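Trainee: Below are the structure tokens for one structure; questions will follow.
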Amino acid sequence: MRPAHTRYATTVTAVGEQVPEFIGQGLLIWFAEGAPEELHFFTVLHRPTVTTGGVRPGDLVRIDDKQFRVTAVGDVANENMVNLGHMDLKANGATEAPLPGDICLEELPLPEPRPGTTLVIEGDAAQAEPDR
Amino acid sequence: MAEYKAVRVEAGRGGWGGPLTIKPTDERKLIYSVTGGGIHPVAQRIAELTGGEAFDGFKSSAPFDKIAVAVIDCGGTARVGVYPMKKVPTVDVHATSPAGPLAMFIKEDIFVSGVAPENVKEA
């Protein structure tokens, strides 16, 4: 096992009122603080500390003590994540991303983030170069 | 009173929806760019051709009723639906089709995707 490389790390600052409903559909939408207000109602807002990017299938997403294997990454997902702190996490187990912004995860129940919740995405250090 | 011109925005390669005709007014003059890295070239071109005001939605916020058009770089789930839901004409620079939790609001007469600067023409 080669050392893990942190591709993204952040802490939740606020959670929109419709986030639980979206979790029911296996979906968690994230934007960095500073996103326009009209996006807040369905969004997990956060303040990132690592924004390297380069997320790819096989990486691990940790949300507090829960972990999810990445199964597919859409063509614009890394760009959105690095530029806007924006992620569409979908726990659908898809091996091909249905939409270009998707980061698909194993099909497991998603936790409900709270202010202070941490998200870390780790991958193989040998593949640390951002794939964009 | 400023003078505004109309533009026609067509779907680009692999895109969906439209064409939309965008003409700002004094009340709705913002060309609202909700994109990474500042004002997107598509928003810049719409602003130049119409005389509308290019506005960076990630720098400050604006009420929906001031927005002539929203330009987004959405990957298909979230932003694609929010602006159509609020009846704001929406241009996605990525080639997305109706999807996501707000898909029911995404119609041809309010949404167009896959748009590059060359898909924006004087009407």
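Please treat every number below as a calculation from the coordinates, not as lab data. Quick caveat: nothing in here was measured; it's all calculated off a predicted structure. Reconstructed Cβ throughout: ideal geometry from the backbone, glycine too, with neighbour counts over all protein chains shown.
Trainee: Which FRET efficiency value, to the nearest 0.05, do you get for A:GLU21 and B:ALA6 by plugging their Cβ-Cβ distance into 1/(1 + (r/R0)^6) with R0 = 45 Å?
Mentor: Taking R0 as 45 Å, the efficiency between A:GLU21 and B:ALA6 is 0.70.
Trainee: Which one of A:VAL70, A:VAL82, A:VAL55 has the biggest mean-square fluctuation once chain A is modelled by GNM with Cα springs under 10 Å?
Mentor: Result for chain A, Cα springs under 10 Å: A:VAL82 fluctuates most.
Trainee: Near B:LYS86, which lysines are there with a Cα under 29 Å away, not counting those fewer than 8 places off in the same chain?
Mentor: A:LYS90, B:LYS5, B:LYS23, B:LYS29, B:LYS59, B:LYS66, B:LYS107, B:LYS121
Trainee: Is there a simple number for the mean count of other chain Cβ atoms within 10 Å of the Cβ of residues in A:30-36, and what is it?
Mentor: Per-residue shielding by partner chains comes out at 4.
Trainee: Turning to a different aspect of this structure: In nm, to one decimal, how far is the modelled label at B:PHE64 from the one at B:THR21, with both set 7 Å along Cα→Cβ?
Mentor: 2.4 nm
Trainee: Which one of A:VAL76, B:ALA68, B:VAL115 is farthest out on the positive end of the charge dipole of the protein assembly as shown, using unit charges on Cβ (Lys, Arg +1; Asp, Glu -1) and the Cα centre as origin?
Mentor: It is B:ALA68, whose Cα lies furthest towards the positive end.
Trainee: Tell me the angle of helix B:41-50 to the major Cα principal axis of chain B, expressed in degrees between 0 and 90 and rounded to the nearest ten.
Mentor: The two axes meet at around 40 degrees.
Trainee: Let me ask something additional. In percent, what relative contact order does chain A have, based on Cα pairs under 8 Å that are 6 or more apart in sequence?
Mentor: On the way: 345 pairs, mean separation 46.7, N = 132.
Dividing the mean separation by the residue count of chain A yields 35 percent.
Trainee: Note the full-extension length gain between A:ASP65 and A:GLU37 as 0.36 nm times their separation in residues minus their Cα-Cα distance, in nm to one decimal. It would help to have the intermediate numbers written out before the result.
Mentor: Values: separation 28, 0.36 × 28 = 10.08 nm, distance 2.93 nm.
Using 0.36 nm per residue and subtracting the Cα-Cα distance, I get 7.1 nm.
Trainee: Please state the charge dipole magnitude for chain A, taken about the Cα centre, from unit charges on C-beta atoms (+1 on K and R, -1 on D and E), reported in debye and rounded to the nearest 20.
Mentor: 380 debye
Trainee: What dipole magnitude, in Debye to the nearest 20, does the protein assembly as shown give about its Cα centre under +1 on Lys/Arg Cβ and -1 on Asp/Glu Cβ? Don't skip to the answer; put the middle values down first.
Mentor: Details: 24 positive and 34 negative charges, 45 e Å.
It comes to approximately 220 debye.
Trainee: What is the dipole size for the stretch B:21-123, taken about its Cα centre, with +1 at each Lys and Arg Cβ and -1 at each Asp and Glu Cβ, in debye to the nearest 20?
Mentor: The calculation lands at about 200 debye.
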